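Step one of this worksheet: look at the structure below.
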Amino acid sequence: MAPAQTDQIYLRTLYFFVIVEEMNGRGHFGEWELMVILALMRLGDDAYGVPICREIEEQTGREVAVGSVYATLDRLVEKGFVSSQMGEPTAERGGRAKRYFRITPPGVREVRKTQRALMNLWNGLSQLERGIG
Amino acid sequence: MKPAKPPVLATWLLEHARFSTTDSVIAGDLLEEFNRGRSAAWYWRQVLVAIVVGCTSEVRHHRGLAARAVLVTWAINYGALMLGREAMIELFRHGLLAYHPQLAHWAICFLGGLVSGLIVALLHRGYRNAMLLAGAAALLGWALMAIVILKAGSLHHPLLQIAGATIVYYLVVLSGFAIGGFFFTPSPKPGAPPTRDPSPAF
């Protein structure tokens, strides 16, 4: 193997680890956080527990625990990526209020950052391009 | 046939678990979904996951308080165990404990559990339920450890006998712990935000 080729492979490997390392830090969302926040963005103004869970279930095909979604949303609220607001209590919910969530500008920035990092990882993967899975 | 109302016990558990201010919101969400045709099994699953997630999240947020709850639980129950042993020896020596020494020992262990539950609940009023669950888990860990240590220390007794005695001990202490923790202290109101914890921040 030519030295230039070896260097290229080395640099690509290094770049991969830098991205993965960066994703573990505070800068990027984890898989589950990303799913929750993307579902939240897709729903717009009607984003509260039930539709968020249903959206994730429809897109991923797996059952979602409402409690886990709220735990994740609470974490995102703490980080400042999501804001929440209580709605009015309704009879359909036994007189209990809904809690609406909305993504904040820092949240949108973080989603973009994560998207960029993931796109960098995905680009040029021959297995995916050939449809091997 | 699908029941018209969601399982009452599950709803009660969720609303009284009181791990976060969102318990009432989650209960509303679950009711909404249940009314749209979800099964009672689904409802129960969701409630149990919500309780476990809420408890672990509360413990993670207050690691110092949880460590204190665990230490208090261990210290008081270890004291009760030792005191029970000493008291039993003394009573036996004076001929006052001819028939049911084990019963007397369990009574002291039960009291130890009751006192530790009460103290953990009073020390962590704002996070009572999560800290009591942390204490109960600590007791379980202790009981499992005791089985291993006792088995290693006494080769003549079969494992089943040691495990049986430890499980009975655990159940006795846990009953006292639950009664002391849950029934002797006021329960937080469902849906209300947790009260400020009087203990120093960790």
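The values are calculated or read from the model by the stated rules, or taken from the named source; none is laboratory data. Please read these numbers as outputs of a predicted model, since none were measured by experiment. We place every Cβ from the backbone using ideal geometry, glycine too, and count neighbours over all the protein chains shown. In case anyone asks, the SASA skips ligands and DNA or RNA and just uses the protein heavy atoms, side chains included. Shrake-Rupley method; radii C 1.70, N 1.55, O 1.52, S 1.80 Å.
Check whether at least one residue in the range B:79-89 is within 14 Å of chain A (Cβ to nearest Cβ) and assigned to a helix (DSSP H, G or I), and report yes or no.
For the range B:79-89, residues within 14 Å of chain A (Cβ to nearest Cβ) and assigned to a helix (DSSP H, G or I): absent.
Among the candidates B:ARG68, B:ARG45, which residue alone is out of contact with any Leu (no Cβ under 8 Å at 6 or more places or on another chain), part of a helix (DSSP H, G or I) and basic (Lys, Arg)? Reasoning before the result, please.
Numbers: B:ARG68 fails: out of contact with any Leu (no Cβ under 8 Å at 6 or more places or on another chain).
Testing whether each residue is out of contact with any Leu (no Cβ under 8 Å at 6 or more places or on another chain), part of a helix (DSSP H, G or I) and basic (Lys, Arg) leaves just B:ARG45.
Sort out which residues of the range B:40-84 are surrounded by fewer than 21 Cβ atoms within 10 Å (Cβ to Cβ), at pLDDT 90 or above and within 15 Å of the chain's Cα centre (by Cα), and write them in order of number.
Selection gives B:ALA67, B:ARG68, B:VAL70, B:LEU71, B:VAL72, B:TRP74.
Take the residues of the range A:51-74 that are under 15 Å from A:LEU38 (Cα atoms) and open to solvent by 40 Å² or more (accessible area, probe 1.4 Å): which is nearest to the other protein chains (Cβ to nearest Cβ)?
Restricting to residues being under 15 Å from A:LEU38 (Cα atoms) and open to solvent by 40 Å² or more (accessible area, probe 1.4 Å), the top hit is A:ARG54.
Filter the range B:94-103 down to residues that are modelled with pLDDT of 75 or more and not in a loop (DSSP other than H, G, I, E, B), then give me how many there are.
Looking only at the range B:94-103, we keep the residues that are modelled with pLDDT of 75 or more, and these are B:94, B:103.
Remaining after also requiring not in a loop (DSSP other than H, G, I, E, B): B:103.
Qualifying residue count for the region: 1.
Output the number of the condition that A:LEU38 fails; it satisfies all remaining conditions of (1) within 15 Å of B:GLN46 (Cβ to Cβ); (2) in contact (Cβ under 8 Å) with a residue 60 or more places away in the chain.
It is condition (1) that A:LEU38 fails.
If we scan the range A:98-106, do we find a residue that is more than 9 Å from every other protein chain (Cβ to nearest Cβ), modelled with pLDDT of 90 or more, within 14 Å of A:PHE29 (Cα to Cα) and assigned to a helix (DSSP H, G or I)?
Going residue by residue through the range A:98-106, those that are more than 9 Å from every other protein chain (Cβ to nearest Cβ) are A:100-106.
Pick out the ones that are also modelled with pLDDT of 90 or more and you get A:100-106.
From what's left, within 14 Å of A:PHE29 (Cα to Cα): A:103, A:106.
Now drop any that are not assigned to a helix (DSSP H, G or I), which leaves A:106.
Among the residues of the range A:98-106, at least one is more than 9 Å from every other protein chain (Cβ to nearest Cβ), modelled with pLDDT of 90 or more, within 14 Å of A:PHE29 (Cα to Cα) and assigned to a helix (DSSP H, G or I), which makes the answer yes.
Can you tell me which residues in the range A:80-112 are open to solvent by 80 Å² or more (accessible area, probe 1.4 Å) and either touching a Cys at 6+ places or on another chain (Cβ under 8 Å) or touching a residue at least 12 places away in the same chain (Cβ under 8 Å) (or both)?
A:GLN85, A:MET86, A:ARG102
For B:LEU31, are the conditions met, namely being open to solvent by less than 60 Å² (accessible area, probe 1.4 Å) and touching a Lys or Arg at 6+ places or on another chain (Cβ under 8 Å)?
Judged against the criteria, B:LEU31 is a match.
Could you check, for the range A:114-127, whether at least one of its residues is under 25 Å from B:TRP44 (Cα atoms), surrounded by fewer than 20 Cβ atoms within 10 Å (Cβ to Cβ) and modelled with pLDDT of 90 or more?
No; the residues of the range A:114-127 include none that is under 25 Å from B:TRP44 (Cα atoms), surrounded by fewer than 20 Cβ atoms within 10 Å (Cβ to Cβ) and modelled with pLDDT of 90 or more.
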